[in-house]
Amino acid sequence: MKCALCKQGDTAPGVVTVTLQRNGAVIIIKDVPAEVCANCCEYYLAEDITRAVLRLANESVQKGVEVEIVRFAA
């Protein structure tokens, strides 16, 4: 698909690192499958991947962490 941000590059399957901030916590999730733009590196997550990433972030916040780095495992 064409990148919605730069409108120049095409996306291809890859992996990215997603960083989220929630309730004073910083959660870094590595190796997240995504469609990545070859031109600007913007990434797009599938709906099921987005749900899994948000679930991981919520679990981290519920544990009371301030900073957590996790590896994505679907």
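Annotations for the structure displayed:
- Residues that are free of Cβ contacts under 8 Å to residues at least 12 places away in the same chain and either of a type in the set (Lys, Arg) or surrounded by 15 or more Cβ atoms within 10 Å (Cβ to Cβ) (or both) do occur in segment 56-63, at least one of them.
- Answer residue from segment 25-74, given it is hydroxyl-bearing (Ser, Thr, Tyr) and modelled with pLDDT of 95 or more and is farthest from residue 14 (Cα to Cα) among those: 50
- Selection of segment 16-42 for residues being exposed (fewer than 15 other Cβ atoms within 10 Å of the Cβ), free of Cβ contacts under 8 Å to residues at least 40 places away in the same chain and assigned to a strand (DSSP E or B) yields 17, 19, 21, 22.
The values are calculated or read from the model by the stated rules, or taken from the named source; none is laboratory data. The structure displayed is predicted, hence computed values, not measured ones. Using ideal geometry, Cβ is built from the backbone for each residue, glycine included, and neighbour counts are taken over all protein chains shown.
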